[in-house]
Every structure is written in structure tokens, then in C-alpha cells.
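Below: the structure, in C-alpha cells.
The values are calculated or read from the model by the stated rules, or taken from the named source; none is laboratory data. Every value quoted in this text rests on a predicted model; they were computed, and no experiment measured them. The area values use the complete protein model at the heavy-atom level, side chains included, leaving out ligands, DNA and RNA. Shrake-Rupley method; radii C 1.70, N 1.55, O 1.52, S 1.80 Å.
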Amino acid sequence: MTQAGVALLVAYVVGAVPFAQLAARLTRGTDLRLVGSGTVSGTSLYQVAGFWPLAIAGVLDVGKGAAGPLLASRSPTLAALAGGAAVAGHNWSPFLRFAGGRGISPAIGALTVTAWPGAVLLLAGLAIGRLTRQTGAVCFVVYLALVPLAATSRGSAGALAAAAVLIPMLVKRLAGNRPPAERTATTYLRRLVFDRDEPPPRDRSPGRPR
């Protein structure tokens, strides 16, 4: 395997380490894949275990996103691709049977190395989303601005670095961990913009409360 291939593989495997899942298991004995939407994310971890496990897992998730780009730092193109590989590993982890998170924390880590203004933008979007309780919608707006900002501040290398982490994040928002019973345009739009599925249909059978 070439040196570039090794760097990408290492970035993917390190990115796939599910720190949020490990924290939930160690502190509460809970499998995050069975909680809420089934996403192995900071939001799910916070709901299950609280702030400190979230803070520790979050720092580790940021660090694992930075590992691959640091390993490939001599080549801006390879570093950008390594950042994307780390996010893909986080989103589709072989340690979780290819379930995973949304990729924001490892993307912040990767962009800290390759295009730091993009990391600041993602971090700000995450903070604003949490404060307003509209994380999905706010992060969608941030995603739209991510590549233009990175391109303006860091040129073509920055644009590539932003695109490399953005693509797996958008794909995961669309695909989710639990595919809907009926795939409709509305379902995918809700996933893309708001990062959530259609609410389950209400039972209208006789004798049921409405």
C-alpha cells in the first residue's frame, strides 16, 4: 500500500473509534444506537450521560479528526482527503456495524489542521444551534457557507479540505442510521435541512385517543 493509502486508512480507522458510544457504555451501560434516532452523537450522549462524558468524548472526537490531516500535513491535498476519511469513519464506523454520528466534531478537528476558519464556523454553528435548540437547521446554514469561507480564506486547498469533510456530513444527514419505511422527497428534505425524519403517523384506528 502506498504512503498516501496508509495515511487515509489510518485516518479512517482512527476516525471510526466511537468515543461517544464508549462513554455511554462506561457511564450508563447504554447503546446509543438504541436511543432516539439511533445516532451515535454528542446530543444522544448528553441525553444519556450528561455534560462531563460529553465534554470528554467531544474533545477526543475533535482530536481523532485532526490525527489524519496531521499525519499527512506535508501534502495539503492528502491532508484534506484524510480529514474526509476521518469524518467518514466517524459516520460509518466498522466498530458499530457502520452506524455512527453526524461528523461535526471530527470535521472541526480536521479543519483545525487544514482550514481553521472552517473549524471556527462549524464550532460557532454548533454552539448557536445548541443555544437555540435548532442545531440541525443552524448547521445546515453553516454547511452552505463552509466551502466559500474556506476558499476565501485558504484558497483552493481550503476549499478542498472543506468539501472533503462536508460531503460525508451531508450524505449522513440524508441517509441517517434508520432508513424510513417510505422514502419520500419530503423525508429527505427534512433530513437535509433539519436533520430529522418525518414524525411517525398517528394511529387513527377506532377506539384510539386522538
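Leaving ligands, DNA and RNA out of it, work out the accessible area of F95 with a 1.4 Å probe and give it in Å² to the nearest 10.
120 Å²
Please calculate the 1.4 Å probe accessible area of F140, with all protein chains present, and give it to the nearest 10 Å².
Only protein atoms counted, so the area is about 40 Å².
Sorted by accessible area (1.4 Å probe), largest first, how do T152, T77 line up?
T152, T77
Can you tell me how much longer the chain between V171 and A145 gets when fully stretched, taken as 0.36 nm per residue apart minus their C-alpha distance, in nm with one decimal?
Once the chain is fully extended between V171 and A145, it gains 7.7 nm.
Between rounded, prolate and oblate, where does region 115-181 land on the alpha carbon gyration tensor, with a ≥ b ≥ c its root eigenvalues, rounded for a/c under 1.5, else prolate if a/b exceeds b/c? Could you put the intermediate results ahead of the total?
Working: a/c = 3.10, a/b = 1.40, b/c = 2.22.
It is oblate, given that a/c is not under 1.5 and a/b is not larger than b/c.
How far, in nm, would the chain grow between A163 and V120 when pulled straight, counting 0.36 nm per residue and subtracting the alpha carbon separation?
Separation in residues times 0.36 nm, less the Cα-Cα distance, equals 13.9 nm.
Given a 1.4 Å probe and heavy atoms of the protein chains only, how would you sort L32, L144, largest accessible area at the top?
The ranking, largest first, comes out as L144, L32.
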